[in-house]
Amino acid sequence: MEREDLFTDEVKGNFVMKMWDGRFSKASDKLMEQFHNSLPFDKTLIEEDIAGSIAWAAALADLGIFSPDELKKVKSGLVEILDDYRNGKIEFLPGDEDIHMAVERVLIERIGDTGARLHTGRSRNDQVATDSRLYAKKAIGHIIDAVCELQRSVLDRAKSDKKIIIPGYTHLQQAQPVLLAHYWLSLFFLLEREKSRLEHAITTTDIMPLGSGAMAGSGFNVNREKLAENLGFSSVSQNSIDGVAARDFILETLSCISSLGIHLSRYAEDLIIWSSREFGFVELDDAWSTGSSMMPQKKNPDSLELIRGKSGRFIGNLTRFAATLKGVGLTYYKDLQEDKEPLFDSVDQILLVLNVFSQVIATLSVKNERIEEDLDPFLLSTDLADYLARKGMPFRQAHKVVGRIVAFCIENGTPLTDLTSEMLRKFSESFQDDVADLFSFEGSVRKRLVAGGTGVESVDKQIESASRLLS
Ligand code: ARG
């Protein structure tokens with residue numbers, strides 16, 4: 001093959017030529033081309049890439065690399081490329097290794113030599129790190145917004161389900177009565193912590209690597225502070241090696257998303273159980289359920305099952321990238337290109353999960369009568385032991401006495417709440433007539449006015465503080 005022929009940037013038989021092919025005497029194999037081409041996924045970064053390039057061009061113009069007219073040409077060229085891309089008018093070529101090279105190639109085709117000066121002092125290494133950080137920052141912002149939306153949905157639920165008492169569970173055994181609102185609010189406060197994790201991820205991400213060049217720092221002394229300001233970054237990276245090599249922000253973002261996914265999965269699991277015929281505590285709205293292709297009677301909580309199921313995907317994306325990153329030395333190696341698919345996938349999927357969960361919670365109906373039927377009188381056993389402790393009996397002893405009462409009830413098929421004070425006195429002299437006051441679920445809940453408890457006043461306080469946090 002003639003050397004001249006190699007510069008056409010086209011597919012030649014099995015070979016593709018490139019922007020960087022000056023030192024090569026042979027083009028990439030087609031299979032190699034396919035192997036390292038990241039365009040199919042990193043075109044997601046086109047907006048960030050173009051914003052980065054516009055800012056970079058302005059920084060170069062400050063150094064006299066572009067005249068004011070040339071800068072205008074570069075800027076409008078880049079803006080046009082973005083418009084055309086959105087309208088499906090950009091054709092990618094086999095040699096467009098990634099979005100960075102694709103945009104630059106089209107720009108050069110359109111505005112010629114002026115465009116060919118854009119990559120002065122810049123490397124794809126600081127370029128991709130900048131684009132990814134811009135993307136991640138924006139994405140985390142969207143996730144935080146979606147978490148707020150879910151919190152709103154949860155808080156509304158807590159307000160409307162304020163009077164409903166459910167059995168609280170440990171080990172999937174009825175434990176103690178709690179307000180359903182108390183249960184919903186547990187999710188609200190968890191989500192508040194998820195948000196603070198995400199906000200920390202923004203802090204980690206909000207550092208501009210542009211100007212780090214390939215790894216040693218750009219050969220052109222651009223004003224990086226000004227660049228950062230133009231791109232909306234709070235600070236610039238203090239070290240060019242760290243600037244191009246660091247992917248901690250991606251690891252942290254994937255970790256935050258996994259945490260969110262794992263925790264939502266637990267709530268989805270509860271609601272799946274609660275929506276079964278055996279429990280029947282809640283019913284999902286038809287719009288968020290699906291049927292069976294064979295069994296006509298079925299209404300399945302697929303929305304919740306997918307929320308639970310996708311948590312595996314988030315953990316997978318985190319471990320997948322963690323495993324890749326672990327072996328990569330400093331600074332840039334192509335392994336790092338493997339950061340994008342897990343990041344994009346986790347971001348897209350967590351937004352779906354959050355939006356769907358908000359809707360599912362907002363639209364489900366609570367089956368109060370069914371729940372009431374299901375409240376086991378034994379839920380009040382702890383209150384009975386507390387009663388004895390209040391009368392002065394050491395709690396360990398009280399626990400044993402009530403244990404015997406429970407055994408008696410089971411043996412005789414007597415509900416705990418049917419026992420009279422006289423019968424109770426056979427187990428302990430400490431029982432007085434006021435013990436009858438214990439036998440109500442409302443009473444049990446009312447007593448738990450300790451801060452953070454399920455008592456009505458405590459739940460009201462939680463609602464108040466949740467509303468404050470959201471406003
Ligand atoms: N597509 C590459 C990535 O996503 C861009 C950086 C390429 N840099 C390089 N030196 N090959 O990581």
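If you take the residues in segment 16-31 that are surrounded by 13 or more Cβ atoms within 10 Å (Cβ to Cβ) and part of a helix (DSSP H, G or I), which one is farthest from the ligand (Cβ to nearest atom)? Checking each candidate, the answer is K30. Here L179 does not qualify as more than 16 Å from the ligand (Cβ to nearest atom) and under 21 Å from the mean Cα position of the chain (by Cα). Counting residues in segment 38-51 that are of a type in the set (S, T, N, Q) and within 13 Å of the ligand (Cβ to nearest atom) gives one or more. Looking at this structure, is I405 away from the ligand (no atom under 16 Å from the Cβ), of a type in the set (A, V, I, L, M, F, W, C) and touching a strand residue (DSSP E or B) at 6+ places or on another chain (Cβ under 9 Å)? So I405 fails the test. For the structure I just gave you, tell me whether A323 is more than 13 Å from the chain's Cα centre (by Cα) and touching a residue at least 40 places away in the same chain (Cβ under 8 Å). Considered against the rule, which asks whether it is more than 13 Å from the chain's Cα centre (by Cα) and touching a residue at least 40 places away in the same chain (Cβ under 8 Å), A323 comes out as no.
Out of S428, S444, which single residue is in contact (Cβ under 8 Å) with a residue 40 or more places away in the chain and in contact with a Leu (Cβ under 6 Å, 6 or more places away or on another chain)?
On the way: S428 fails: in contact with a Leu (Cβ under 6 Å, 6 or more places away or on another chain).
Going through S428, S444 in turn, the sole match is S444.
Against the condition touching a Lys or Arg at 6+ places or on another chain (Cβ under 6 Å) and touching a residue at least 60 places away in the same chain (Cβ under 8 Å), how does I361 come out, does it pass? First the steps, then the outcome.
Values: touching a Lys or Arg at 6+ places or on another chain (Cβ under 6 Å): yes; touching a residue at least 60 places away in the same chain (Cβ under 8 Å): yes.
Criteria met by I361.
Which is closer than 16 Å to I202 by Cα and either away from the ligand (no atom under 16 Å from the Cβ) or basic (K, R) (or both), of F249, F233, F220?
Working: F249 fails: either away from the ligand (no atom under 16 Å from the Cβ) or basic (K, R) (or both); F220 fails: closer than 16 Å to I202 by Cα.
On inspection, the qualifying residue turns out to be F233.
In segment 331-350, the qualifying residues are those that are more than 16 Å from the ligand (Cβ to nearest atom) and not hydrophobic (A, V, I, L, M, F, W, C), and the one that is surrounded by the fewest Cβ atoms within 10 Å (Cβ to Cβ) is D348. Considered as a group, the residues in segment 193-240 that are part of a helix (DSSP H, G or I) and over 29 Å from the mean Cα position of the chain (by Cα) include one that is nearest to K138 (Cα to Cα), and that residue is L227. Among the numbered criteria (1) part of a helix (DSSP H, G or I); (2) under 30 Å from D42 (Cβ atoms), which single criterion is violated by L330? Among (1) part of a helix (DSSP H, G or I); (2) under 30 Å from D42 (Cβ atoms), L330 violates only (1). Within segment 157-176, residues that are in contact (Cβ under 8 Å) with a residue 60 or more places away in the chain and under 21 Å from S358 (Cα atoms) have Cβ atoms under 7 Å from residues that are aliphatic (A, V, I, L, M) and assigned to a strand (DSSP E or B) in these pairs: D161/V366; K162/L179; I164/L179; I164/V366, counting only partners at least 6 apart in sequence or on another chain.
All of the numbers you see were taken from the coordinates with simple rules; none came from a lab. Worth saying up front: this structure is predicted, and the values here are computed from it rather than measured. Every residue, glycine among them, receives a Cβ derived from its backbone with ideal geometry; neighbour counts consider all protein chains shown.
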